[in-house]
Structure formats: structure tokens, C-alpha cells
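Input: a single structure, listed below in C-alpha cells.
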Amino acid sequence: MPPKKAPAQVSPDRASNDRVDVRGPIPGPKGARIVEEDTRLMMTGTKIAPLAVERASGVWVTDVDGNRLLDFTSGVGVLNAGYSHPAVVRAVQEQAEKLMHFAGADYYYESQNRLAERLTELTPGKFEKKVFFTNSGTESVEAAVKIAKWQNSRPIVVGLLGGFHGRSMGALTVTASKPSQRRRFDAFAGGGHHIPPPYCYRCPYHLEYPSCDLYCAKILKELYFETSIPPQDVAAFVAEPVLGEGGYVVPPKGWHQAIKSILDENGILFIDDEVQAGFGRTGKWFAVEHHGIIPDIVTAAKSLGGGLPLGAVVFRKELDFTYPGAHSSTFSGNLVSVAAGLATLDVIERERLLDAATARGAHLIARLKELQQKHPVIGDVRGLGLMIATEFVEADGKRTPAVARRDRILKEALTRGLILLPCGKSSIRYIPPLVVTDEELDQGIDILDQAIRAA
Ligand SMILES: Cc1ncc(COP(=O)(O)O)c(C=O)c1O
């Protein structure tokens, strides 16, 4: 279907004539000091570039040395409504002045009910649902896995190789996008099994869609359930609607339906992990809507809180615990985060950011395909809405992942004022805030073009 026409000016509060302004090296002197201190003081985590940000608005970020950069990461998938959206900031300020915390897990907040109600309406499926609020994507997946295992007393969850669902022990049972995530922890992340991903550009079986007849879905029943995974012991199958950290892999048409029918035959729940793809990123509220199935449990976080820590699990009502105490958390549904969440959903609706994601996404995909014609190092351009990636390959005709070159491109882009994130083995993802304009996308593409040449 051709993309619906989005409003010409999607975010009237923002000027669209902003330009990247890099005044010196990144990091500059202030940034370098912060990076040095951080390296000394902070646990080794997942730092990716020496960038220390001071303020941001819309899609524009100013670092501590005064450089003005264009952000195509949305703060790692969080700021779908743009940085410092005035409506979200106002909601946070108003709530913070009234009451910040009174343990929403243990007492009652009207605003939690309002947000829960919105989520039960927005998530796919016209059946009664319940909600648990969390503070992160990991916690949402953790809760979803517990709900599924508790409900059917089955010990196993199955995920996809390449899938990322967080790093706490329960979530780690299904996370499998890099060995570093599981190293030394594998023994504790019990009850997780994985099958190869539906990754057409690098089909694990060297088949072609559609003549493959979706072997990558059928293999769950025809091989795994016949050999290593007893289906009667499987509580849930967990998948991202678009593999995120695993490389922005979009499953082929029909894959979700084929998997879901195998799960239904065996009484296995489907957990749809929308932590990265949710809330308009792909042009729908939830990316699974592109795939035409109804999940039993949806996990969300990142963009829900508009910049504050907020996640949620939304599930069929009948999966609820039958007694108190099986799961809870002190900060579950913190009042300020919930206010930010309600305001963020309002902005997404009012500014028609689903339509904007579809229209801007079509523009960005077209521009990236133009770049692909110029630079054969871009092997694949793929995505849904404004959840887009390019996969970089060597010029050897064998699609060898160009990992070092991808990393150089990221550095060259940052030096020129464009913030990008990697994903998969040799891909770069493009996930600007949904309020981005075509002009801003074009500015980013010009910088990317220069960065690829330089690398
Ligand atoms: C699909 C998915 N699930 C879960 C997580 C974990 O979320 P968090 O980092 O908020 O714990 C992520 C984080 O990138 C994610 O992309």
C-alpha cells in the first residue's frame, strides 16, 4: 500500500532550518574529561561513542562542547516524540510538583489506570487485558516470562538466535544476539532455547523466499519439537516483530502466522517484544500489526515514557496471577513516568506520528537505496516505517560482513555531526525521532554519504 500522506509540517513547534554545527573534535575538552572520569568510575557497560550530551530538542542534540549534532538514534529508541517535547516536559513538571512517588505497586493511582486502559486499547486483540508497569525493557520481558511460566507451569521459553530481550537473568534466557551477553551467565539463564532467525538476506538454510515455503518457521515443529524441545514443556515463544539489536531483520510475510499456528497447536503463548519497535516507530502503534497476528503478551518500554524510565507488559486477562506477591516492584508505574507516558501517547496521536513514520520512512528508504547505487558496500537496505537499517558488506560478491568498515563509518559520521547506532554484525540503524522532517533526513543522508566515502 502506498504510504498515507503525512502532514507537511509534523511538529509545528520546531524550526526545520537547523543545521549541523561541529566546532571542533568530538569529544572536545569538556567531553574528553567526562569520558575519562566515566571510564575511571563507572562499570564497564555498553558505551559506544565518546559523546557527552548537554541538551536536546526535536532531533537536535548539543554536546557539552557546544557542537550541534543531528540524532538518528532517538536516544537508543526512546524519543519517538522528539527530545524535550514541550507537552511531555509540562506533564512531567506538573506531576513532579504535585507528587512524585507513593509506591504505585502497593497503593492506588488513578493515572496508572488511565495509562493501563490506553495500552489495553492500543495493543492488538479485542479481548480483556491486564497491565503491569515496569522501569525498563528487560523488566518487561522478565515479567512476561514469569507470567507465561506461572500460568501454564511449563519451564521452557523459546526465542530466536539474534534476538535481544535484555540482560537480567530471566530476560537473558531468550536473549541471543551476541555471545558477550551470555558469557559466564549461560548456566543461570536456564530454560531458554533458540531457533535460527527468519533472516532472508542471510538465510541460514540458503533458501529463497517464497520457494522456501517458510522453512524457517516450520523447522520449529518439524525439527526442534521432534528432537530437542518437548513442546509440552514450552511456556512461550518470544520474538521481536523486527529483530532490533540483531540487525533490523524484518521477518518475511507469513512467518508470524506460520509460527503462531504451531504455537496454538501446542498451547504455547506468543510474547511479542515491542520494546524497540513499539509506539509508532514502524508506522503502526505496534510493529506486530504488520504481521497480522494477535500476541498473547506484549512487552513495551523505551519510547513509552518519552525519556523517563517506563515499561509495560500487557497480557490476556486470564493469564493474571491468582494471588498477590508472585511479581511486583517498588517503582512500578512511577507517577512522573506515567504522566510522561500519557503525554507521549497524546503527542503521538495529536501530531499523527504514525503517518509521519510511514511517510518519512518511505523517504529515508528511497534515499538510502540511492546511496546503495553509489556505494556497493551497502549490501541491503531494509526496515518498516522509521525503523530502518543498512547492512554493510565487502566487495567480494559473497556478502562478507564489513564490520571494520561499518565501525569506521559510524566514527566518520559522528565527526561530521550525525549520531548513528550499529546493529547486527555489520549494520547501521536509522531511527530518528518521528518528528524528523524530510530536510533533516536529507542532511543526515549527505553526512552519511561523506562518511562512507571517508571510510
Ligand atoms: C527488543 C528489546 N527488548 C528488550 C530490551 C531491553 O530493554 P532495556 O535496555 O530497557 O532493559 C531491548 C533493549 O534494547 C530491546 O531492544
Of the numbered conditions (1) assigned to a helix (DSSP H, G or I); (2) touching a Leu at 6+ places or on another chain (Cβ under 9 Å), Met100 satisfies every one except a single condition; which is it?
(1)
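To keep it simple, each residue is scored yes or no on (1) in the same structural domain as Gly77 (by TED's automatic domain parsing); (2) in contact with a helix residue (DSSP H, G or I) (Cβ under 8 Å, 6 or more places away or on another chain); (3) away from the ligand (no atom under 16 Å from the Cβ).
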{"position": "Lys317", "(1), (2), (3)": "no, no, yes"}
{"position": "Ser328", "(1), (2), (3)": "no, no, yes"}
{"position": "Leu342", "(1), (2), (3)": "no, yes, yes"}
{"position": "Gly361", "(1), (2), (3)": "yes, no, yes"}
{"position": "Gln372", "(1), (2), (3)": "yes, no, yes"}
{"position": "Ile378", "(1), (2), (3)": "yes, yes, yes"}
{"position": "Arg382", "(1), (2), (3)": "yes, yes, yes"}
{"position": "Gly385", "(1), (2), (3)": "yes, yes, no"}
{"position": "Phe392", "(1), (2), (3)": "yes, yes, yes"}
Determine whether region 50-72 contains at least one residue that is free of Cβ contacts under 8 Å to residues at least 40 places away in the same chain, within 16 Å of the ligand (Cβ to nearest atom) and under 30 Å from Val35 (Cα atoms).
no
If you check Ile297, Ile259, Ile268, which single one turns out to be buried (at least 24 other Cβ atoms within 10 Å of the Cβ) and within 14 Å of the ligand (Cβ to nearest atom)?
Ile297
Leading residue by the ranking (farthest from the ligand (Cβ to nearest atom)) among those in region 271-283 that are touching a helix residue (DSSP H, G or I) at 6+ places or on another chain (Cβ under 6 Å) and part of a loop (DSSP other than H, G, I, E, B):
Gly283
Ala343 on the phi < 0 side of the Ramachandran plot and more than 19 Å from the chain's Cα centre (by Cα):
yes
Consider Thr120 carefully, then state whether it is at pLDDT 95 or above, outside any helix (DSSP H, G or I) and hydroxyl-bearing (Ser, Thr, Tyr).
no
Among Asp71, Asp63, which is in contact with a Pro (Cβ under 7 Å, 6 or more places away or on another chain), in the same structural domain as Leu434 (by TED's automatic domain parsing) and either buried (at least 22 other Cβ atoms within 10 Å of the Cβ) or farther than 24 Å from Asn17 by Cα (or both)?
Asp71
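The values are calculated or read from the model by the stated rules, or taken from the named source; none is laboratory data. Just so we're clear, the structure is a prediction, and the values are computed from it rather than from any experiment. For neighbour counting, all protein chains shown are included, and Cβ atoms are generated from backbone atoms with ideal geometry for every residue, glycine included.
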